[in-house]
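Visitor: Handing you this structure, nothing more for now.
FYI, it's all coordinate maths here, none of it is from the lab. These numbers were taken from a predicted model, which means no experiment stands behind them. Every residue, glycine as well, gets a Cβ built from its backbone with ideal geometry; the counts of neighbours run over all protein chains shown.
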Amino acid sequence: MSFSSSGEVFSWLSRFINLERGQKPKSFRLDRMEILAELAGHPERCAPSIHIAGSKGKGSVTAMLAAMLTAAGFRAARYMSPHVIDIRERLCLGDSYFKEETYIRAGDELREIVEVSLPAAANPLFDRSLEDGCEPTYWELLTLFFFLCARKEGCDVMVVETGMGGRLDSTNVLDPLASVITLIELEHTAILGKTITEVAGEKAGIIKQGKPLILAKQNEEALEVFRKKTCEKNSPLLYLPEIAEISNVDVSSRGTSFTISFNEAGKSLLSAPLSLSIPVPGKVQAENAALAIAALKTAFPRLTAATGNRASNDQAQIEQDAIRRGLESLNLPARFEKIAPASQDAAASQDAAASQDAASSDTPPFIIDGAHTPESLALCVETFCSLYGEGGVLVFGCAADKDAAAMAKAAHSHFAKIFITTPGNFKTSDPALVYETFAQTAGREKTALVKNTHEAINAARDFAQKNNLPILGTGSFYLVSEIRKIICQ
């Protein structure tokens, strides 16, 4: 029986082990995904790809790449996580969902593979009765589902973000035109390793033989790992601090403007400085954009290759226009997004850009950001305070596997009141332990534990309104997704 809607497909997928709820060591292995891809006729090879890994910023870079490729005329399939509003955000065509028919037909094909082809193959890796076997995981199937959707849509290119790590991530069946690695921090240490060197080694697993790596600024430990791996793979290394310069950065509540230029080492990417703007506040977004531009021009030196109908126009101007229009059209929910109640603007609950405009007159301002590592939180807080001042209100929640102590250290001194709450129920969390961590750092007088997220938001808004203070909700994409639903419903 065929699926009748995309909702039915995602409901069926939810029956399987969800790696985001807790990775099982026996299922975290790439050979399982290779078997599934083969049974599906290798949909991961349906179009050239760009592969993105990292600890922070990889979602932004993925979205920027897809937006610029779309502006250049490519049919760019985009795979990223987590979602904020709708699960279909994870599997998109440019900045839009795939057609409903595409989700349905790809879902039918996926179920056929799982329920017919895989049992017929009788592979021990998927036999739950054996010690090393288990059923296909949610993440494996979601990744395969994306590849099937991209193939059915006849996409020109795929922009694919890893889920966790890189070396053993299910997306690593790709053989991309180029790999991108954003900033590395300690994360998922139970699986990826307890040192920066170990985590970087897992991320470096996406580097392919002879294919270029575009690398964000790293600390020396991580950089050494990537230099060694690219040397072993005979892969060109484009290290952003060595090839590009970002200047004239201006951050406002409506976004970020900046100028990017490439030196002699990267001059083939862009021959002249380019002034750009992104509708997302934060200096880090300028850095993400520079990384995305370097990756775009490395993978596609001529951006008109997809359409081939503009040969008579000036190539450099076409490329600049595509980059500019792509970044200006960027839609990134929960990346320093200003939200407003739905009663102020009905579109705010569905469109992040509309939400930014709708919230411009909201008092007090409520900002949400999915910062979930110490470095990303520090940058988020820096941007927040530069725009709205010190001493605001923080609503914070994080998963149990995050470094709450480091995040408390980065944030506590910048807020007058801190509300600790539950970051949704998608991942394991311990709000009481996070509260104790923040209370020890910030003091119990200004730290409150309100486990119910709705109640925490109400308490934060009451406190903010009485004291005319801005609010920042952060620490987890799952938390800010809940905040957005509650505020914008």
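Visitor: Please give the length that would be gained between residue 455 and residue 231 if that part of the chain were fully extended, namely 0.36 nm times their separation in residues minus their C-alpha to C-alpha distance (nm, one decimal).
Guide: Once the chain is fully extended between residue 455 and residue 231, it gains 75.3 nm.
Visitor: Would you calculate, for the chain, the mean residue ellipticity at 222 nm contributed by helices, counting each DSSP H stretch of 4 or more residues as -39,500 (n - 2.57) and dividing by all residues, to the nearest 500?
Guide: For the chain, the value works out to -12000 deg cm²/dmol.
Visitor: Nearest 5 percent is fine: what portion of the DSSP beta bridges confined to the chain is antiparallel?
Guide: 35 percent
Visitor: Another question, then. Assuming 0.36 nm per residue, please report the length gained on full extension of the stretch residue 400 to residue 324 beyond their Cα-Cα distance. Kindly include the intermediate steps, with their values, before the conclusion.
Guide: Values: separation 76, 0.36 × 76 = 27.36 nm, distance 3.94 nm.
Between residue 400 and residue 324, full extension yields an extra 23.4 nm.
Visitor: Taking the Cα atoms of region 337-488 alone, what are Rg (to one decimal) and Dmax (as a whole number) in Å?
Guide: Reported Rg and Dmax, both Å: 14.0, 41.
Visitor: Could you check what % of the DSSP bridge pairs in region 337-488 are antiparallel, to the nearest 5?
Guide: 15 percent
Visitor: Starting from the Cα of residue 466, draw a straight line to each of the lysines and keep only those under 19 Å, dropping any in the same chain fewer than 8 residues away.
Guide: Cross-link targets: 417, 446.
Visitor: Could you list, in their original order, any pairs among 297/338; 217/297; 402/485; 208/267; 99/233; 56/152 whose Cα atoms are separated by more than 27 Å?
Guide: 297/338; 99/233; 56/152
Visitor: In nm, give the distance between the simple-model label positions of residue 390 and residue 5, each being 7 Å from the Cα along the Cα-to-Cβ direction.
Guide: Distance between the two pseudo-spin positions: 5.1 nm.
Visitor: Also, I was wondering about something else. Could you tell me which residue out of 186, 176, 248 lies farthest along the dipole of the chain toward its positive end? Charges go on the beta carbon: Lys and Arg +1, Asp and Glu -1, centred on the Cα centre.
Guide: 248
Visitor: Quick one: if the Förster radius is 22 Å, what FRET efficiency do residue 245 and residue 197 give, using the C-beta to C-beta distance and rounding to 0.05?
Guide: Efficiency computed from Cβ-Cβ geometry: 0.15.
Visitor: Something else about it: Just rank 116, 157, fewest to most, by other beta-carbon atoms within 10 angstrom.
Guide: Least to most surrounded, the residues fall as 116, 157.
Visitor: In what order do 220, 8 fall by count of nearby beta-carbon atoms within 10 Å, going from fewest to most? Display every interim value, and only then the final one.
Guide: Values: 220 8, 8 14.
Placing the least packed residue first, the sequence is 220, 8.
Visitor: At R0 = 41 Å, how high is the FRET efficiency between residue 132 and residue 489 if r is their beta carbon distance? Nearest 0.05 is fine.
Guide: Calculated value: 0.35.
Visitor: Treat the count of other C-beta atoms within 10 Å as a stand-in for reagent exposure and order 453, 421, 230 from fewest to most.
Guide: Final ranking by Cβ density, sparse to dense: 230, 453, 421.
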